Amino acid sequence: MGEGGVTLSPSALHRGPSQRPVDLITGLLMVAPLLVVIVGVMGAPLLQAVSLSLTDKRIGLPGTFVGWGNYGRLVHDPLFWLAVRNSFLYAFGAVALKLLAGFGLALVLNEELPWRGLWRAIILIPWAVPELVAALTWRWMYSDTNGIINALLLRAGLIEFPVPWLGSPQTALAAVVLINVWKGVPFFTFSLLGGLQVIDAELYEAAAIDGAGWASQVRHIVLPALAPVMVIASLLSTIWTFNDFTTIFVTTGGGPAYATTTVPILTYEKAFWNLELGYAVATSLAAAPVFIGLIVLATRLFAGRER
Amino acid sequence: MRAVRPVAVLFSLLVTLALAWGASAADRLVIWDKTEYIPFYNEFMAQFVQAWSEATGIEVEYTVVPPRDLITKLMTAVESGHVPDIATVEVGMVAQLAGMGATTITADLLAAIEAQTGDRFSEAAVRLVSIDGQPRGVPTATFPAALFYRNDLLEAAGVEPPQTIAAFREVARRTNNPRAGIYGAGIPLGRSGGNDIEGFIRNLFWANGGSVFAEDGRTVVVDSPQNVEVFQMLVEMYHQDKTIPPGALSWDDGGNNNAYMAGTAVMVFNSGSLWANMADMGHPLLAHTGATLMPAGPQGRYNLGGGNTMVLFAGGNVAAAERFIRDFMTPEHYGQLLPRMAPMWAPVLEGMKDLPFYQDPVNRVWLEAGQINVNVGYPGPATPWAGEVLSSQVLLRALQTAIVDGVPPAEALQNAKREIEAIMAKY
């Protein structure tokens with residue numbers, strides 16, 4: 001340190017403000033409102049939910065403590081495992097497709113296109129449409145009696161009879177995945193477009209001078225640069241998609257049979273059709289480890305990017 | 001003085017709050033109503049509520065909720081203890097709410113309305129809202145159901161409107177034309193949370209001599225041979241006859257209405273809402289539409305009774321709620337509403353069956369249809385568990401496994417029996 005400067009000992013460098021009582025109190029006071037909100041809005045209901053899941057509570061009637069009984073019942077409930085399987089297929093299938101489509105569209109929209117602003121606005125429309133409206137519209141489009149998709153396919157001679165897209169166990173899950181993809185692609189497109197726009201143009205020029213073609217530039221420049229954005233967008237989207245309720249509830253209600261029953265749909269049915277609140281909450285909480293893992297991963301990635 | 005002033009201010013504040021609280025309890029009424037298929041109902045009720053509030057000085061908080069959301073909203077309200085004073089629910093919910101101890105017994109209120117109007121509630125309407133012999137709401141409408149058919153297509157196929165279940169299947173076969181996008185039987189088979197298909201399956205069970213519960217209301221007989229026959233027939237109609245549209249597996253309660261009005265279904269079962277809606281919109285197919293009673297089986301004709309009921313919640317502003325309902329159920333108000341709701345609504349007061357609409361021979365079917373209505377627990381009493389079995393769509397899910405997963409009908413119904421017994425064990 002120069003003259004007149006302050007010389008810090010190594011121990012002083014490592015001593016954080018928390019070691020000073022006044023700073024500690026100030027810090028605690030400053031985070032206190034946030035703590036109150038988190039504990040009050042999230043912590044207390046979560047604890048209540050956990051305690052509820054340990055009872056045989058039914059709506060309108062008092063519950064009694066059953067310990068881990070509901071969770072034990074879940075383990076032996078084939079419907080629960082089917083819902084878990086469907087949830088994973090729905091979430092990971094939709095996220096993979098959204099990532100691919102979003103990446104492709106981001107690459108296109110990053111180019112110097114005529115009316116580029118207009119295209120970007122159009123791509124944003126599915127994101128702006130309310131989920132319920134989107135689900136109802138798609139349900140009509142998929143209809144086998146008066147839906148536009150079957151009408152076009154029939155007119156084109158590609159099918160002989162209308163296909164019950166939402167009514168067949170072979171196609172229903174894929175059909176609802178497609179709705180989620182349509183709705184979620186703009187999020188990926190614009191997240192990745194933002195990432196593309198911060199890549200230094202000189203990198204492309206240097207690569208071109210070295211003889212790298214478009215594919216090579218995408219592979220060696222774009223993908224490494226976008227990797228963090230892709231991972232974070234995928235993690236967030238996985239959490240949202242796993243929890244998606246409206247699309248499936250409105251279009252198939254979880255059917256036909258149980259072909260599109262996911263964990264949120266099963267939770268709803270148990271709570272409001274069977275009135276088994278304790279079991280429904282246990283169903284919902286059983287998926288919590290997946291979310292906790294994803295949230296921890298996302299938080300670490302965010303923290304890594306901030307550093 | 002300084003010490004006295006804050007105390008005085010605090011005292012005034014407390015007095016004001018106490019008065020406001022007292023006033024709000026006595027002069028406030030919370031009503032949750034359902035969105036009705038015919039929009040006129042909601043317009044009429046909004047105007048009535050406003051006029052009633054101005055006339056009585058009682059503030060009314062009036063909320064209209066889609067029927068499916070109303071179930072969720074009410075369940076949440078019962079659980080949290082923040083119930084409305086009045087809710088208009090479909091009769092299927094009456095047993096469940098009574099089972100939770102949430103609603104009041106309304107025998108005195110029904111008697112007061114009868115005394116006031118000089119009319120009598122129909123026995124069938126009161127029976128639908130009675131649990132253990134005690135009325136648990138005020139019926140405002142019953143929904144007569146019928147079989148709607150395209151008389152032009154039946155005529156072209158040279159067949160008469162079906163009067164039996166066997167004839168229904170045959171007419172569906174004869175009029176079926178999937179290549180033209182026309183299916184003989186528009187039966188909604190989707191898990192929408194609606195009760196149309198649950199009712200339809202029960203109607204077929206009863207007509208065929210089966211049922212879900214025995215007369216004691218506690219013995220589950222859903223896996224009877226008669227019921228297996230019904231399941232087998234529906235599976236065959238779907239897979240072999242191909243008279244049910246494949247997409248019906250994702251239809252909700254409006255799916256059959258939409259298919260009929262789109263001209264893609266020859267026959268559908270429905271309440272009079274379809275007729276009323278087509279008349280309301282001047283639909284061209286109405287001229288080619290006929291309606292007849294539910295087809296009969298070996299044991300006769302049956303229909304799971306549906307309808308609207310105003311229920312009053314225990315602990316609420318019962319005095320104001322009773323006053324509101326009494327003022328609503330008068331010829332000046334209810335009598336004005338009913339003709340606009342026919343034939344979706346059938347009257348619950350005997351005297352109103354003399355309305356000009358029901359004197360037209362074409363419309364007599366709606367009054368006759370009301371005569372075959374039975375409760376959800378038939379041949380036993382309406383019970384909370386019978387209500388839960390209905391709202392859980394146990395029968396539909398069993399039927400779906402038979403249609404979609406190829407589970408033999410007998411096995412599907414045995415599975416349903418286990419599920420129903422598990423539901424009953426909770427009561």
message = Looking only at segment A:133-147, filter to residues that are surrounded by fewer than 21 Cβ atoms within 10 Å (Cβ to Cβ) and within 11 Å of chain B (Cβ to nearest Cβ); which one of those is farthest from residue B:182 (Cα to Cα)?
response = A:136
key: Tally of residues being modelled with pLDDT of 90 or more and either part of a loop (DSSP other than H, G, I, E, B) or not assigned by TED's automatic domain parsing to the domain that holds residue A:181 (or both) across segment A:260-287   = 3
ask   = Where residues in segment B:389-401 are at the interface with chain A (Cβ under 9 Å from one of its Cβ atoms) and either open to solvent by less than 10 Å² (accessible area, probe 1.4 Å) or under 22 Å from the mean Cα position of the chain (by Cα) (or both), which of them is farthest from residue B:68 (Cα to Cα)?
value = B:400
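Taking segment B:318-334 on its own, how many of its residues are assigned to a loop (DSSP other than H, G, I, E, B) and either open to solvent by less than 10 Å² (accessible area, probe 1.4 Å) or closer than 21 Å to residue B:96 by Cα (or both)?
Of the residues in that region, 1 qualify.
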key: Whichever residue in segment A:232-249 is closer than 19 Å to residue A:166 by Cα and polar (S, T, N, Q) and, among such residues, is farthest from the other protein chains (Cβ to nearest Cβ)   = A:241
inquiry  = Criterion first (outside the structural domain of residue B:252 (by TED's automatic domain parsing), at pLDDT 55 or above, not in a helix (DSSP H, G or I) and not β-branched (Val, Ile, Thr)) does residue B:54 satisfy it?
reply    = no
request  = Please tell me if residue A:252 is more than 9 Å from chain B (Cβ to nearest Cβ) and either touching a residue at least 24 places away in the same chain (Cβ under 8 Å) or out of contact with any Leu (no Cβ under 8 Å at 6 or more places or on another chain) (or both).
outcome  = no
ask   = If the Cβ limit is 6 Å and pairs must be 6+ apart or interchain, which residue in segment B:314-325 that is within 9 Å of residue B:85 (Cβ to Cβ) pairs with which residue that is open to solvent by 10 Å² or more (accessible area, probe 1.4 Å)?
value = B:316/B:85; B:317/B:85; B:320/B:58; B:321/B:85
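Per-residue answers, yes or no, for (1) away from chain B (no Cβ under 13 Å); (2) open to solvent by less than 30 Å² (accessible area, probe 1.4 Å); (3) at pLDDT below 90:
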{"residue": "A:130", "(1), (2), (3)": "yes, no, no"}
{"residue": "A:160", "(1), (2), (3)": "no, no, yes"}
{"residue": "A:164", "(1), (2), (3)": "no, yes, yes"}
{"residue": "A:201", "(1), (2), (3)": "yes, no, yes"}
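Is segment B:329-340 home to any residue that is outside the structural domain of residue B:190 (by TED's automatic domain parsing) and small (Gly, Ala, Ser)?
Within segment B:329-340 (the criterion being outside the structural domain of residue B:190 (by TED's automatic domain parsing) and small (Gly, Ala, Ser)), the answer is yes, since at least one residue qualifies.
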message = Condition first: away from chain B (no Cβ under 14 Å) and out of contact with any Phe, Trp or Tyr (no Cβ under 9 Å at 6 or more places or on another chain). Now tell me which residues in segment A:61-91 satisfy that.
response = A:65, A:67, A:68, A:71, A:72, A:80, A:81, A:84, A:85, A:89
message = Being touching a helix residue (DSSP H, G or I) at 6+ places or on another chain (Cβ under 9 Å), among the aliphatic types (A, V, I, L, M), part of a loop (DSSP other than H, G, I, E, B) and open to solvent by less than 10 Å² (accessible area, probe 1.4 Å) is true for just one of A:298, A:257. Which residue is that?
response = A:257
Criterion violated by residue B:104 - all others in (1) within 14 Å of another protein chain (Cβ to nearest Cβ); (2) closer than 24 Å to residue B:385 by Cβ; (3) touching a residue at least 12 places away in the same chain (Cβ under 8 Å); (4) β-branched (Val, Ile, Thr) satisfied = (1)
key: residue A:195 vs. criteria at pLDDT 85 or above, open to solvent by less than 60 Å² (accessible area, probe 1.4 Å) and either under 30 Å from residue B:393 (Cβ atoms) or in the same structural domain as residue A:173 (by TED's automatic domain parsing) (or both)   = yes
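The values are calculated or read from the model by the stated rules, or taken from the named source; none is laboratory data. None of the values given here were measured: they were computed from a predicted structure. Neighbour counts run over all protein chains shown; Cβ positions are idealised from the backbone, glycine included. We work out accessible area using only protein heavy atoms, side chains counted, and drop any ligands, DNA or RNA first. Shrake-Rupley method; radii C 1.70, N 1.55, O 1.52, S 1.80 Å.
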